[in-house]
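Chemist: One structure is given below, represented as structure tokens, and several questions about it will come after.
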Amino acid sequence: MLLIGLTGSIGMGKSETAKMFQKLGVPVYDADAAVHAIYAKDGAAVEPIRALFPTAIIDGAVDRPALAREVLGLPEQMAKLEAIVHPLVGESQLSFLRQAQRDGHHMVLLDIPLLYETGGEKRVDVVVVVSAPYHIQEQRVLARPGMDMAKFAAIHAKQVPDDEKRKRADFIVESDKGLDHAFEQVKAIVETLKTREGKVLAGRLAPEA
């Protein structure tokens, strides 16, 4: 099974692009959605986080702003949080991959916001980068509720620059020319990958016990 990593900086249109792959029958794993699920009420991360950061739990769920106050700018605390979250997200991704394999899919898409920032390109067969000119990105991000230039600049500074992502990508989806144009690009990528074999998962996706 071929693993496609989808990434792109904030405001580039990654979520819309993921939906296009889904529309073409490619199963999509959303890393952000997986974190939301384990942070929700009765989610797998709630009790382990409560043990370390009790003030981050409100009404039985992880409150992201409260959690951020506990860990942001504190590498030691952040490392403790990651030690809880990463294995749980990893388990959720493994379940997704096993299901996709059982269903006989030739390829799956992993929607990973910080793929290059975390070395994730080594864990996929192909990388698709969603990209748009900076002025379009800025426009989109500043239109989001609660966003301002200072927040955008801080997020932007932590991400691998767009031109670097474009250089390293196997495929690029340009998201500034309308949804129809982007969808045509996605269709072409899926068509190209139909005959490509995946190598990353070979022998590593052991069956469930």
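Chemist: Tell me the residue from 56, 51, 61, 18 that is aliphatic (A, V, I, L, M), in the same structural domain as residue 114 (by TED's automatic domain parsing) and at pLDDT 95 or above, please. Steps first, answer last, please.
Modeler: Numbers: 56 fails: in the same structural domain as residue 114 (by TED's automatic domain parsing); 51 fails: in the same structural domain as residue 114 (by TED's automatic domain parsing); 61 fails: in the same structural domain as residue 114 (by TED's automatic domain parsing).
18 is the lone residue from the list that is aliphatic (A, V, I, L, M), in the same structural domain as residue 114 (by TED's automatic domain parsing) and at pLDDT 95 or above.
Chemist: Further question on the same structure: Scan the range 79-88 for residues that are within 30 Å of residue 197 (Cα to Cα) and crowded, with 16+ Cβ neighbours inside 10 Å and report the count.
Modeler: Qualifying residue count, the range 79-88: 1.
Chemist: So which helices (runs of 4 or more DSSP H) are wholly in the range 14-58 and hold at least 1 residues that are aromatic (Phe, Trp, Tyr) and closer than 28 Å to residue 193 by Cβ? Even if it seems obvious, please write down each step before you answer.
Modeler: On the way: elements: 14-23, 31-39, 46-52.
By residue number, 14-23.
Chemist: Give the residues of the range 119-152 that are in contact (Cβ under 8 Å) with a residue 12 or more places away in the chain, over 17 Å from residue 175 (Cα atoms) and touching a helix residue (DSSP H, G or I) at 6+ places or on another chain (Cβ under 8 Å), sorted by residue number.
Modeler: 121, 126, 152
Chemist: Of 169, 100, 132, which residue is touching a Pro at 6+ places or on another chain (Cβ under 6 Å) and closer than 23 Å to residue 24 by Cα?
Modeler: 100
Chemist: Can you tell me which of 91, 117, 82 is touching a Lys or Arg at 6+ places or on another chain (Cβ under 8 Å), under 21 Å from residue 31 (Cα atoms) and modelled with pLDDT under 95? Before you say what the answer is, go through the steps one by one.
Modeler: Values: 91 fails: touching a Lys or Arg at 6+ places or on another chain (Cβ under 8 Å); 82 fails: touching a Lys or Arg at 6+ places or on another chain (Cβ under 8 Å).
Selected residue: 117, the only one of 91, 117, 82 that is touching a Lys or Arg at 6+ places or on another chain (Cβ under 8 Å), under 21 Å from residue 31 (Cα atoms) and modelled with pLDDT under 95.
Chemist: Hey, does the range 114-135 have a residue that's among the acidic types (Asp, Glu), surrounded by 15 or more Cβ atoms within 10 Å (Cβ to Cβ) and in the same structural domain as residue 156 (by TED's automatic domain parsing)? Walk me through it before giving the result.
Modeler: Let us first name the residues in the range 114-135 that are among the acidic types (Asp, Glu), namely 117, 121, 125.
When the remaining residues are screened for being surrounded by 15 or more Cβ atoms within 10 Å (Cβ to Cβ), the result is 121, 125.
Then keep just the ones that are in the same structural domain as residue 156 (by TED's automatic domain parsing); that gives 121, 125.
So far as the range 114-135 goes, yes, one or more of its residues are among the acidic types (Asp, Glu), surrounded by 15 or more Cβ atoms within 10 Å (Cβ to Cβ) and in the same structural domain as residue 156 (by TED's automatic domain parsing).
For (1) buried (at least 20 other Cβ atoms within 10 Å of the Cβ); (2) farther than 26 Å from residue 186 by Cβ; (3) of a type in the set (A, V, I, L, M, F, W, C), each residue gets a yes or a no:
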| residue | (1), (2), (3) |
| --- | --- |
| 10 | no, no, yes |
| 21 | yes, no, yes |
| 27 | no, no, no |
| 49 | yes, yes, yes |
| 65 | no, yes, no |
| 77 | no, yes, no |
| 90 | no, yes, no |
| 93 | no, no, no |
| 99 | no, no, no |
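Chemist: Let me ask something additional. Of the numbered conditions (1) in the same structural domain as residue 19 (by TED's automatic domain parsing); (2) more than 21 Å from residue 19 (Cβ to Cβ), residue 165 fails exactly one; give the number of that condition.
Modeler: (2)
Chemist: Out of the residues in the range 126-159 meeting the condition of being outside any helix (DSSP H, G or I) and modelled with pLDDT under 95, tell me which one is nearest to residue 109 (Cα to Cα). If you could, list the steps in order and put the result at the bottom.
Modeler: Narrowing the range 126-159 to residues outside any helix (DSSP H, G or I): 126-133, 143-148, 159.
If we keep only those that are modelled with pLDDT under 95 too, we end up with 144-148, 159.
Numbers: 144: 26, 145: 28, 146: 30, 147: 28, 148: 31, 159: 21 Å.
Step by step, filter the range 126-159, then rank; the result is 159.
Chemist: So the check is Cβ under 8 Å with 6+ separation or different chains; which pairs have a first residue in the range 3-21 that's free of Cβ contacts under 8 Å to residues at least 12 places away in the same chain and a second one that's of a type outside the set (A, V, I, L, M, F, W, C) and assigned to a strand (DSSP E or B)?
Modeler: Filtered contacts from the range 3-21: no entries.
Chemist: Which one of the conditions (1) over 22 Å from the mean Cα position of the chain (by Cα); (2) within 22 Å of residue 158 (Cβ to Cβ) does residue 68 fail to meet, given that it meets all the rest?
Modeler: With (1) over 22 Å from the mean Cα position of the chain (by Cα); (2) within 22 Å of residue 158 (Cβ to Cβ) applied to residue 68, the lone miss is (1).
The values are calculated or read from the model by the stated rules, or taken from the named source; none is laboratory data. Every value quoted in this text rests on a predicted model; they were computed, and no experiment measured them. Backbone-built Cβ (ideal geometry, glycine too); neighbour counts: all protein chains shown.
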